[in-house]
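Undergrad: This is the structure I have questions about; it appears just below.
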Amino acid sequence: MKFYSLNNTAPKVSFDTAVVNGIAPDKGLYFPEEITPLPASFFEHIENLTNEEIAFTAIRQFVTEVIPDNVLKDILKEVLDFDFPVIDITSNIGTLELFHGPTMAFKDVGARFMAQCLGYFSRASKNEVTVLVATSGDTGGAVANGFLGVDGVKVVILYPSGKVSDIQERQLTTLGQNITALEVDGMFDDCQAMVKNAFLDKELLDNKKLTSANSINVARWLPQLFYFLFAYKQAKSQDKEIIFSVPSGNFGNICAGLMAQRLGMPVKHFIAATNVNDTVPQFMQTKEYSPKPSTATISNAMDVGDPSNFIRIRHLFQNNFDLLKDNLSAYSFTDNETKKALKEINDINGYVADPHGAVGYLGLKKYQELHPDTYGIFLETAHPVKFLDIVEETLDEKLEIPAQIQKVMNKTKASIKIASYDELKNFLLSS
Ligand SMILES: *Cc1c(COP(=O)(O)O)cnc(C)c1O
């Protein structure tokens, strides 16, 4: 299986090169050359398979030439060592909890899978790979955790000083080993600009093997399709048409869901739920794609004005708008509506959602107004304690801090402060 660039002017590459490159030399996103549906019997008997077996069967075709089956099985065992339960909220709504991993955000699976792949690809090379990543919060923690202790890989994370939550900062700065946190005097955009500069700096690239770990990387994007299969396995017995509502920012997660559909999963419709950063809902109304600067919201992991993975979704439907519309609806919601939804879910059965999950819930409700005879699953992409202040204030209730988070609260922060690109470059060249 080869991967080609969606800009179509870069050479096709194998999975390992696509992972190490991150983005193609022509700046296009990589996309698999073929998607072969799984046999119908796989879905008919999916409830008899373990999560590891499901994941192995689903992803094997994309990686098989570069990762032997036994290695792939070992990787999946490492990556999937926690639960992905679907919890009933009402008789026709459930939530898929994706926050039982080490950093309690759904990005754990993609980050761990990428880390394991990169560790495997660099096993024979003497040159260490340095993963350089800018974070506004959740990505950094998931990447740091995923790569912790992986041989041959160093991770350097840039985060904006004073702009991430206390929990998020501790998740980034307390790990040690092969993980270094650089605390940037600036905003997230400054961090991202420094990372971009580094990838264009010839002197640096001649001395260092650099790679990125952002969500467009195929090794972070593709394993997210597992979630939808795990949920389908649990919800199948409902005997109703199943639909998914995905709280979306960069649209990587929902695009992976549409890949699961393309692999034959019998789910006909997906809902993209966004906050007021509504570039995609607008597109689905007007057929005009007009990216805009992002607006800050309480579901801040989805504050994206130009979602990088949406191009993959359009491509998956051959840029055919009507075909896309048959499979995807998109709705946007304000912070006020999101807070009301947090309360509404809590009133139904005491369930505590996070602001991102609440946006997913709203999208589902909206679609079900016209399609009541469905079983809808909204994705809970982060544990509510990661958004402690807003959830406690909205529900007027204290949340218990789970063990994964307790653990980092007692550790001491270690970061290196930088304020300019030159300082980043000096750090990379001297380390
Ligand atoms: C990253 C993130 C999202 C958005 O996922 P995309 O794949 O970028 O659409 C939603 N919720 C949480 C908590 C996240 O961290």
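Undergrad: For segment 1-58, state which GluC sites (Glu not before Pro) are in a DSSP loop and have at most 11 other beta carbons lying within 10 Å of their beta carbon. It would help to have the intermediate numbers written out before the result.
TA: Details: sites: E33, E34, E44, E47, E52, E53; in loops: E33, E34.
Here the GluC sites (Glu not before Pro) that fit, given the DSSP loop and packing criteria, are E33, E34.
Undergrad: Return one whole number: the accessible area per residue of the chain in Å², for a 1.4 Å probe. All intermediate terms of the calculation are to be shown ahead of the outcome.
TA: Numbers: 17820 Å² over 431 residues.
Ligands and nucleic acids excluded, the result is 41 Å² per residue.
Undergrad: Just how many % of Cα pairs in segment 285-431 lie over 18 Å apart, if you round to the nearest whole percent?
TA: Distances greater than 18 Å cover 70 percent of the Cα pairs.
Undergrad: Can I ask one more? Express the relative contact order of the chain as a whole percentage, based on alpha carbon pairs under 8 Å and six or more residues apart in sequence.
TA: 18
Undergrad: In debye to the nearest 20, how big a dipole does segment 102-189 give about its Cα centre with +1 on each Lys and Arg Cβ and -1 on each Asp and Glu Cβ?
TA: I would put it at about 360 debye.
Undergrad: As an exercise, take the mean of 1/r over every pair of distinct alpha carbons in segment 251-315, invert it, and state the Kirkwood radius in angstroms.
TA: 12.7
Undergrad: Next question. Can you list, bin by bin at 5 Å, the percent of alpha carbon pairs in segment 215-324, starting at 0?
TA: 2, 12, 21, 24, 19, 14, 6, 2, 0
Undergrad: Now, a different point. Scanning the chain for helices, which whole DSSP H stretches are 20 Å or more long along the axis (Cα) and average -1.0 or more by Kyte-Doolittle?
TA: Values: long enough: 107-121 (21 Å, 0.27); 335-349 (22 Å, -1.49); 355-370 (24 Å, -0.38).
For the chain, where a helix must reach 20 Å along its axis and average at least -1.0, the hits are 107-121, 355-370.
Undergrad: Let me cross-check F310: its accessible surface, 1.4 Å probe, with only protein heavy atoms counted, in Å² to the nearest 10?
TA: 0
Undergrad: Thinking of segment 164-269 as a set of Cα atoms, what percent of all their pairs are more than 18 Å apart?
TA: Cα-Cα pairs of segment 164-269 separated by over 18 Å account for 67 percent.
Undergrad: Right, next: Using only the Cα atoms of segment 320-378, build the gyration tensor, take square roots of its eigenvalues as a ≥ b ≥ c, and label the shape rounded, prolate or oblate: rounded if a/c is under 1.5, else prolate if a/b is larger than b/c, else oblate.
TA: prolate
Undergrad: Right, something else. So what is the diffusion coefficient of segment 144-190 in µm² per second by Stokes-Einstein at 10 °C and 1.306 mPa s, using a Kirkwood Rh over Cα pairs?
TA: Translational diffusion coefficient: 142 µm²/s.
Undergrad: Could you please state how large a percent of the accessible area of the chain is carbon and sulfur, counting protein chains only and using a 1.4 Å probe?
TA: 47
Undergrad: Only bridges with both residues in the chain count here: give the DSSP antiparallel percent, nearest 5.
TA: Approximately 20 percent, going by the DSSP bridge assignments.
Undergrad: Report D for segment 282-366 in µm² per second (integer): Stokes-Einstein, Kirkwood Rh on Cα pairs, 25 °C, 0.890 mPa s. Intermediate values should be presented prior to the final figure.
TA: Numbers: Rh = 14.5 Å.
The calculation lands on 170 µm²/s.
Undergrad: In units of 2.2 N^0.38 Å, what is the alpha-carbon radius of gyration of segment 80-232?
TA: Here the answer is 1.12, to two decimals.
Undergrad: Run the quick spin-label model on Q61 and A193: label points 7 Å from Cα toward the beta carbon, then report their separation in nm to one decimal.
TA: So the two model labels end up 4.4 nm from each other.
Undergrad: For segment 346-403, state which chymotrypsin sites (Phe, Trp or Tyr not before Pro) are in a DSSP loop and have at most 15 other beta carbons lying within 10 Å of their beta carbon. Intermediate results must be reported in sequence, preceding the final value.
TA: Working: sites: Y351, Y361, Y367, Y375, F378, F387; in loops: Y351.
When the chymotrypsin sites (Phe, Trp or Tyr not before Pro) of segment 346-403 are filtered for loop state and at most 15 Cβ neighbours within 10 Å, nothing remains.
Undergrad: For q values of 0.14, 0.15, 0.17, 0.28 Å⁻¹, compute log₁₀ I(q)/I(0) with the Debye formula on a Cα-only model of segment 1-64, without solvent.
TA: Log10 I(q)/I(0), no solvent term: -0.51, -0.56, -0.65, -1.11.
Undergrad: Taking the inverse of the average 1/r across all pairs of different Cα atoms in the chain, what Kirkwood radius in Å do you get? Display every interim value, and only then the final one.
TA: On the way: mean 1/r = 0.0456 Å⁻¹.
Computed over Cα pairs of the chain, the Kirkwood hydrodynamic radius comes out at 21.9 Å.
Undergrad: Report the accessible area of L205, computed with a 1.4 Å probe over the heavy atoms of all protein chains in place, in Å² rounded to the nearest 10.
TA: Counting only protein heavy atoms, L205 exposes about 70 Å² to solvent.
The values are calculated or read from the model by the stated rules, or taken from the named source; none is laboratory data. The structure displayed is predicted, hence computed values, not measured ones. Positions of Cβ are backbone-derived with ideal geometry, glycine not excepted, and every protein chain shown enters the neighbour counts. Quick note on the areas: whole protein, heavy atoms, side chains included, nothing else; ligands and nucleic acids left out. Shrake-Rupley method; radii C 1.70, N 1.55, O 1.52, S 1.80 Å.
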